[in-house]
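So the structure is just underneath, and the comments pick up after that.
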Amino acid sequence: MKIQSILVTLVVACAFLQSAYAKLNVVATLADYAAVAREIGGDKVEVTSLAKPTEDPHFVDARPSFVVKLRTADVLIEGGAELEVGWLPPLLQNARNEKIENGKPGRVSASQGIRLLDIPATLSRAAGDVHASGNPHFMVDPIIAKAIAQHIAQSFAAVDPANAAFYQANYAKFEAAINARLQDWGRALLPYKDQQLAAYHDSWVYFAHRFGFVIETFLEPKPGIPPSPSHLAEVITKMKSEHVKAIMVEPFQNRKIAEKVASSTGAQVVDAAQFPGALPNADTYIAHIDALVGRVIAALK
Ligand SMILES: [Zn+2]
């Protein structure tokens, strides 16, 4: 009897310790939210990104393991701007996790309070445009990333109030680090202000807006629609007449098509990426923007 009661005490104590020290289980739809969540949550959170950093965020291959992850999540971070609309809703339906429902503290809808760019006057998905409610690729703007880091810190603090001060302090550190780098990025890019770049997909409007570029030539005729020969012929004419020197291409896009356009126009292909972890030595958000800025400068020099 004595041993039994000791065992029961031990089991209860272990359960208590586990709940007191259990990490928050955080699921992010995309690698950029995951990278910021790691900065804010530190060792108090376990962060999983559903999409790989090299995957097209519009068309993520939804695996059954995603449902399991969502079912046990304490916090879900998603964009809320239709970037994941093609794959996330059915997963959430299957996961049936109240903690991460819309409006709950465990749900971070990143775009809340962010002014989306390129909201069309008339909403129409009929033509296959995947940006029908505005451009959802806002995380490449470091100032927007700060706002989203704050949303994440608020959510973590609400779900895990015991560590609220820790999350707040990490947010302050992230904010200060971005502020310190913003001046360097701005200074490094200043000589290339107002330069035109082309891109495979319209992923860079917020980056361009922040740092003074113009990116309005796209190899895709519409976001999500593959390039056609007639559209590419127009792109080549436009790039030649406007002296566009670089084409930004992401890991999941057809680099061969970009190379063809580059060789017809004398432009360079820039191997860019929206997501931390996609480029070498660029796992954190700041290292990622560093790498991106470096690659754009190398192409425009
Ligand atoms: Zn897009």
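Read the figures in this text as sums done on the coordinates, not as results from a lab. Keep in mind it's a predicted model, so treat the numbers as computed, not measured. Note that each Cβ is placed from the backbone with ideal geometry, even for glycine, and that neighbours are counted across all protein chains shown.
Evaluated at q = 0.10 Å⁻¹, a Debye calculation over the C-alpha positions of the chain (equal weights, vacuum) places log10 I(q)/I(0) at -0.59.
In a DSSP loop and with at most 14 other Cβ atoms within 10 Å, the trypsin sites (Lys or Arg not before Pro) in the range 39-143 are ARG96, ARG115, ARG125. Give the shape of the range 172-243 as rounded, prolate or oblate, defined through the alpha-carbon gyration tensor: a ≥ b ≥ c are the square roots of its eigenvalues, a/c under 1.5 means rounded, and otherwise the shape is prolate if a/b is larger than b/c and oblate if not. Because a/c hits 1.5 or more and a/b fails to exceed b/c, the range 172-243 counts as oblate. In straight-distance terms, cross-link reach from LYS238 covers every one of the aspartates and glutamates whose alpha-carbon lies under 12 Å from its own, apart from those fewer than eight places away in the same chain; here that gives GLU216. Where only DSSP H runs of four or more residues are counted, the chain gives -14500 deg cm²/dmol as its mean residue ellipticity at 222 nm, each run worth -39500 (n - 2.57).
The alpha-carbon positions of the range 223-301 define a convex hull whose volume is 98 Å³ per residue. Restricting the calculation to Cα atoms, the range 99-152 yields a radius of gyration followed by a Dmax of 13.3, 36 Å. Shape index of the range 121-175: Rg/Rh, with Rg the Cα radius of gyration and Rh the Kirkwood radius from the inverse mean 1/r over Cα pairs, equals 1.23.
Against the empirical curve 2.2 N^0.38 Å, the C-alpha radius of gyration of the range 114-208 lands at a ratio of 1.39.
Across all directions, the average flat footprint of the convex hull enclosing the Cα atoms of the range 42-156 is 8.0 nm². Highest GNM mean-square fluctuation among SER65, SER109, SER49, for the chain modelled with Cα contacts below 10 Å: SER65. With the convex hull of its Cα atoms as the shape, the range 147-301 has an orientation-averaged projected area of 10.2 nm². Straight-distance candidates among the lysines for linking to LYS104, with alpha-carbon spacing under 23 Å and chain neighbours fewer than 8 residues away dropped: LYS23, LYS44, LYS69, LYS146. Over the chain, with a Gaussian network built from C-alpha contacts below 10 Å, which listed residue (PRO142, PRO120, PRO221) shows the highest mean-square fluctuation? So, out of PRO142, PRO120, PRO221, the one fluctuating most is PRO120.
Cα convex hull, the range 43-85: 94 Å³ per residue, rounded to a whole number.
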